[in-house]
Amino acid sequence: MSEDKPVTDIITLTRHVLEEQRKYKDASGDLTLLLNIIQLGCKFVSTNVRKARLLNLVGLAGGAQNVSGEDQKKLDIISNEIFVNALRSSGKVSVMVSEEEEAAIIVEEGLKGKYCVVFDPLDGSSNIDAGVNVGTIFGIYRVLEDSSGNISDVLRPGREMVVAGYCMYGSSANMVISLGNGVNGYTLDNGIGEFILTHPNIKIPPRGKIYSVNEGNSKYWDEVCTEYFHSLKFPPEGKSSYSARYIGSMVADVHRTLLYGGIFAYPSDKKSKNGKLRILYECFPMAFLVEQAGGKAITGTKRVLDVVPESIHSRCPIFLGSKEDVEDVERLYQKHA
Ligand code: AHM
Ligand code: MG
């Protein structure tokens, strides 16, 4: 066999999901189709992130602001439209929540399906002008029994999600997904336009050597955060200190944490009582993935996936990553309770 013979038995994301779904007798194929729509959106965003500078998509979109009062980028708006249009027309979705939409989108009768999708179409977009990695984060709930599909279908604990994932747009587009039975990573092959399984069964190391937090906020931290991060930099004699890595793009910081281990945090502080990151479409999907990879995600005092969001854009503090690292924080919060 010649060495340059191409691999012909490729495991694409769709094939992988189909194989998984075959295990469930009552699987209708709807979830597979929905994930295909999400893949389409991610491929579109990936292409546009790459073309951004050439197409003049970098920069602010005519002074528009999103619901959190942040400037919207042209790419944020485009990415949001791609997902909303594709998901609505799929016929598989009843409710959508996007970081870029003030209200939940309730899909019209006739097009409603049995799923709800929550997403941040372009997370970390303040980094785009510098060419830093950005990403799409998403989570999927099944519409509750007896519900016609409304906001109560998404104001639920994250542990009830059926799928969580993100796509990171970096040197390549990396999709990381969990259907509730482990975590797999796929890399977009631009030549054939398919996500190929490249990181099967991702497991986060039980302890890491990296911490990831915006230390510029440290003057506002509570005593637990102050003590914890100090302990990583000034460990007892004979122990190595942790390395600091903070990209400021949650998808990229969590991706590194999943692969290398360590801890990522966006804590609450005196300025931001609930931290910065949004529960439904930032904290929940990432907490789901980290737990499925063997790690932990807490607010400080409780499991992130047990939080019930009060509103679709509510925020919560988060510490996620290697099990032992997160347990160190948990113990400190218990000690100071
Ligand atoms: P965005 O959704 O407006 O892009 O904000 C979320 C981003 C996350 O990707 C990242 O973890 C965090 O904001 C960084 O915030 P800060 O600049 O305060 O450190
Ligand atoms: Mg975001």
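A few comments on the model shown:
- Cβ pairs under 8 Å, 6+ apart, first in the range 248-275 and of a type outside the set (Lys, Arg), second assigned to a helix (DSSP H, G or I) and modelled with pLDDT under 95: Gly248/Ser126; Gly248/Asn127; Ser249/Asn127
- Checking each residue in the range 276-295 for being farther than 18 Å from Asn181 by Cβ and either charged (D, E, K, R) or touching a Pro at 6+ places or on another chain (Cβ under 7 Å) (or both) picks out Lys276, Arg278, Ile279, Leu280, Glu282.
- Some residue of the range 170-185 being within 15 Å of ligand 1 (Cβ to nearest atom), modelled with pLDDT under 95 and either under 17 Å from Ser46 (Cα atoms) or surrounded by 24 or more Cβ atoms within 10 Å (Cβ to Cβ) (or both): yes
- Condition check for Asp76: at pLDDT below 90, part of a helix (DSSP H, G or I) and within 30 Å of Glu109 (Cβ to Cβ): yes
- In summary, helices (runs of 4 or more DSSP H) completely within the range 203-307 and bearing 2 or more residues that are within 16 Å of ligand 2 (Cβ to nearest atom) occur at 250-260, 284-292.
- Residue match in the range 241-250 (condition: crowded, with 20+ Cβ neighbours inside 10 Å, touching an Asp or Glu at 6+ places or on another chain (Cβ under 8 Å) and under 26 Å from Ile10 (Cβ atoms)): no
- Matching residues, the range 275-306, being β-branched (Val, Ile, Thr) and either modelled with pLDDT under 95 or surrounded by fewer than 24 Cβ atoms within 10 Å (Cβ to Cβ) (or both): Ile298, Thr299, Thr301
The values are calculated or read from the model by the stated rules, or taken from the named source; none is laboratory data. Model, not experiment: these values are computed from the prediction. Cβ sites come from the backbone with ideal geometry, for glycine too, and all protein chains shown count toward neighbours.
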